[in-house]
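Please read the structure below before turning to the comments.
No value in this document is a laboratory result; all are computed from the given coordinates. Bear in mind the structure is a predicted one, so any value in this text is a computation, not a measurement. Glycine also receives a Cβ, built like all others from the backbone with ideal geometry; neighbour counts cover every protein chain displayed.
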Amino acid sequence: MPDNSGHKPTIDERLDRLTERHETLTQTVELIAAMHRDNEKQFAEIGKRFAEVGESIRALARIAEIHEHRLSGLEGGQQ
């Protein structure tokens, strides 16, 4: 903690500090906005991949169902 024993900052010093804080906050907001945009892109890509996986699972389920019917028919013919 700085020793401010009786030192009152001048208007210029206060404005400099405010300007520094403003610049820091601006950079932080810009960084957060960029991260948000990246996250949105990643979530969109994940959503597309989930849709593709869902389609693949449905296709595999349909193939399994067809094979099950085929095997049932073959087993029924052997009895």
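So here's what we get for this one:
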read-out	value
FRET efficiency estimate (nearest 0.05) - Cβ-Cβ, I32 to D12, R0 22 angstrom	0.15
Net charge dipole size for the chain [Lys, Arg +1 and Asp, Glu -1 on Cβ; Debye, nearest 20]	260
The chain - Debye-derived log10 I(q)/I(0), Cα point model, q = 0.20, 0.21, 0.26 Å⁻¹	-0.96, -0.99, -1.11
